[in-house]
Amino acid sequence: MSEFGFSRRALLRLISGGALTSDAVVTDQGNLPAPDPLRYLDTARRLTVQAYVNTFGPFDFLVDTGANSSVIAAELAFQLGLPRGAESRLHSIAGTQTVATARVARLAVGRRVRSDLVVSVLPREQLRMDGVLGLEWLARASLLLDFRQRRMTVGEALPVPDVRTVIVKSKLLRSGLTLIDALMPLQRLVAFVDSGSTTTVGNLAMLEAAKQNNALIGELRATELRSVTGQVLAGRAGTLSRLTLGGMTLRNIPLVFGPIHTFDYWGFREQPAIVIGVDILQRFDRVSMDFKRNEVRFRVPG
């Protein structure tokens, strides 16, 4: 079994700084060279791609493997003249909110194209980017998050696993959410990878199990989490002694516990559950999700 440690650095990487204001000129996709598809949105190294909406762009969209639906900034929707849709309920870590929607005829990143989507609309001041690509856009396409090479691919062949690649079995739910095998001391966890979360978070059931099993290092402290929609939720920051993913064990894992609505929405309120955020993912050279083989692969730095 492989083991990797984390320094006792700051426990949170909240959404701060790096706010994007889109002053890109709306141009037709057919008249532009292929752009670099990936860059970092903020100091948490979350990944953004350059997306084209109805062939116009490029625009900076966050790739979020934990979001059930896609979102576009209200200012961009107005700029593009997108047709309005019916109001909808948008779920985030802090709860639900009623939001406007817009209809997108075509939403593309590289070769990946989805048509006839209804997306939620939020002010850019809350969203802090041009948009979010959620699970309904990703569907069952393979996904590669390459932190070392600063690139992302969707729906293309994944790198062949090598000796530094840890393969963790996964299960794709009907909702599109991908669960992976995870353990903390004396407790199995429901776990999924969330490329849109700056912080690794656990629900209150996990907190209680961690306390009972003496799986925490040091004291808990009060903190706050900010959702991608701008909502703020009170939480308790701490350090988990061990987290095992397949045959790999991570030590000294910083995370935040709280009444996270995301777990309630996905039906995991009573089960100890964890969302693995970019603060963990960025420690690997790359993370790939292979839905055909039901695998999530973590390539360990050399």
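Some points to look at:
- Neighbourhood charge, 13 Å Cβ-Cβ cut-off, centred on Gly81 and excluding it, Lys, Arg +1 and Asp, Glu -1: +1
- Cβ-based net charge around Ala215, under 12 Å, with every Lys or Arg adding one and every Asp or Glu removing one: +2
- Segment 57-142: relative contact order as a whole-number percent, Cα under 8 Å and 6+ apart: 45
- Convex hull volume per residue, computed on the Cα atoms of segment 136-227, equals 172 Å³.
- Whichever aspartates and glutamates have a C-alpha closer than 13 Å to that of Lys169, once near sequence neighbours (fewer than 8 apart) are set aside: Asp181, Asp290, Glu295
- Average accessible surface for segment 223-302: 34 Å² per residue, computed with a 1.4 Å probe over protein heavy atoms with every protein chain in place.
- For segment 227-302, with all protein chains in place and a probe radius of 1.4 Å, 43% of the accessible heavy-atom surface sits on carbon or sulfur.
- Across segment 172-268, Cα-Cα distances exceeding 16 Å account for 57% of all pairs.
- From the largest down, segment 61-194 spans 50, 35, 27 angstrom on the principal axes of its Cα atoms.
- Relative contact order [Cα under 8 Å, 6+ residues apart], segment 112-180, whole percent: 23
- Taking all protein chains into account, the per residue accessible area for segment 76-211 stands at 46 Å² (1.4 Å probe).
- The slack between Glu136 and Asn213, meaning 0.36 nm per residue of separation minus the straight C-alpha distance, is 24.0 nm.
- Annotation for Ala100 and Arg150: the two label points, set 7 Å from Cα along the Cα-Cβ direction, are 3.5 nm apart.
The values are calculated or read from the model by the stated rules, or taken from the named source; none is laboratory data. Remember, predicted model here, so these are calculated numbers, not experimental data. Using ideal geometry, Cβ is built from the backbone for each residue, glycine included, and neighbour counts are taken over all protein chains shown. When the accessible area is computed, the model is the full protein with side chains, heavy atoms only, and any ligands, DNA or RNA have been set aside. Shrake-Rupley method; radii C 1.70, N 1.55, O 1.52, S 1.80 Å.
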